[in-house]
Each structure stands twice: as C-alpha cells, then as structure tokens.
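No value in this document is a laboratory result; all are computed from the given coordinates. Given the structure is predicted, the values throughout are model-derived calculations rather than measurements. Positions of Cβ are generated from backbone atoms using ideal geometry, with glycine treated the same way; all protein chains shown enter the neighbour counts.
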Amino acid sequence: MSAGIAHAPRPTASVVMRFVIWAIFLIGGAAGGIMLDLRDFHALLFSPWWHLVTLPLGLVLMRLVVSASATTGRALARFGRDGDIPRFETNRLVTRGPYACMRHPMHLGLLFMPLAFALLLGSPSFILIITPLEMLVMLGMIIGLEEREAIAKFGDAYRHYRARVPAFNLRPSCLKTLFHNDS
C-alpha cells in the first residue's frame, strides 16, 4: 500500500452475504424455472405470444425496482452515513424521504426484483412458483434479520421509529416518494 492513497473500507460480511443471496435467487431461480418449464411448460416457454406479454411487464417492473433502489440508495448515502464507513453501510438512522413513511422502502422495491427478472426471462415456473417462494424468504429475512440488526445498531431510536412507521406502506403518496427518481 503506497502512502497517500486512501482505500475505502471493505463491505461487512452481512452486506456480502446479501449480495450472494441475491445472486443465488436470480441465477438459481432462472435455472430452476427453466428446468421446470422444459418439463412442464415447454409450449409456453417457447411461445412468442407469452413473451410479448411477460417482456413489457418485466421491463416496467424492473424500471420500478431500479427507481426504488436509486431513490432509497440516495437517501441512505445522504442521510445515513457519517465518516468513512464501507459502501452499502449506514451508521445513522434514516427517517427521511421514503423512510419517513415505511421502514423498508428499498426492500419493498427489491422484493419485486425476482419477479421482474422472471418476467423478462419469460419462465412460467420462475414467475408462478419460484418467485413467490423467494419473496416469502426475503420477507422472513427482512423481519427476522434486518429488524434485529437495526435494533442492535440504533437501539431505542429504532424501536421508537418502528412503533410509529410501518415496515411497508402502499399508500399512493408513499409510493410516489419511493418511485421518485430525480437523477
């Protein structure tokens, strides 16, 4: 390491684990879906009409997922970081922007990433079987892991925030804040 060159802190094991899980969900879901489709939905998988329906839906949904991730990522970077900490980490509780109306706005958007990917791929099994299972696992991780980590990190401040702000909020005004992309 040469003098004068600053190196960003490395992501924590928790962040790396989340990226690995996402890769497994997307790649594994696609592979598993196609394997099931070749056995059970062969005609639908290769139907151009099916793909004329799923592709535009997948594009719209992926755009919403990316927009939600960008909006929440900017909020976390702007309000949740103090000092030199690893990327994708926070050390301040964010309660502004989309976080003012729901505790997990980024996760709400990301819950739909497997579905968007499955629609783009056009895999009926991925869309109808695998994606709902992945979404249930993700909800369990959010409620079981994310909440516990946030309490450990922010203590009573997070407990008070949790008491007044729901985990997810589908009110139109809240969704407008979530999908607002000013980039």
query = Ordered by residue, what ³J(HN,Hα) values in Hz, to whole numbers, does the stretch 166-180 give under the Karplus form 6.51 cos²θ - 1.76 cosθ + 1.60, where θ = phi - 60° and Gly and Pro are x?
reply = x, 4, 9, 8, 9, 4, x, 5, 6, 5, 4, 5, 5, 8, 6
message = Can you give me the distance in nm between label points at LYS176 and VAL60, each placed 7 Å from the Cα along the Cα-to-Cβ direction?
response = 2.0 nm
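Suppose every K and R has +1 on its Cβ and every D and E has -1 on its Cβ; what is the size of the dipole of the chain about the Cα centre, in Debye to the nearest 20? Intermediate values should be presented prior to the final figure.
Details: 18 positive and 11 negative charges, 126 e Å.
Its charge dipole is roughly 600 debye.
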message = Placing +1 on the Cβ of each Lys and Arg and -1 on the Cβ of each Asp and Glu in the chain, which of LEU175, LEU120, LEU108 has its Cα farthest towards the positive end of the resulting dipole?
response = LEU175
GNM flexibility winner over the chain from ILE127, ILE143, ILE34 (Cα, springs under 10 Å) = ILE143
message = Just to be sure I understand the model, the point goes 7 Å from the Cα along the line to the Cβ. What's the resulting SER67 to THR12 distance in nm?
response = 3.1 nm
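Say R0 is 22 Å: what FRET efficiency, to the nearest 0.05, do TRP49 and MET135 get from their beta-carbon distance?
Values: r = 26 Å, r/R0 = 1.19.
Once rounded, the FRET efficiency stands at 0.25.
Report the per residue volume, in Å³, of the convex hull enclosing the C-alpha atoms of the stretch 13-179.
Enclosed volume per residue, from the Cα hull, is 109 Å³.
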key: Calculated from backbone phi, Karplus (6.51, -1.76, 1.60) coupling profile of the stretch 134-150 in Hz, x at Gly/Pro   = 5, 5, 5, 4, 5, 4, x, 5, 5, 6, x, 9, 4, 4, 4, 4, 5
query = Taking the Cα-to-Cβ direction at VAL20 and at ARG162 and moving 7 Å from each Cα, how far apart do the two end points lie in nm?
reply = 2.6 nm
ask   = Once the other residues with Cβ under 14 Å from the Cβ of PHE168 are scored (Lys, Arg +1; Asp, Glu -1), what is the net sum?
value = +1
ask   = Of all the C-alpha pairs in the stretch 61-144, what % are more than 20 Å from each other?
value = 43 percent
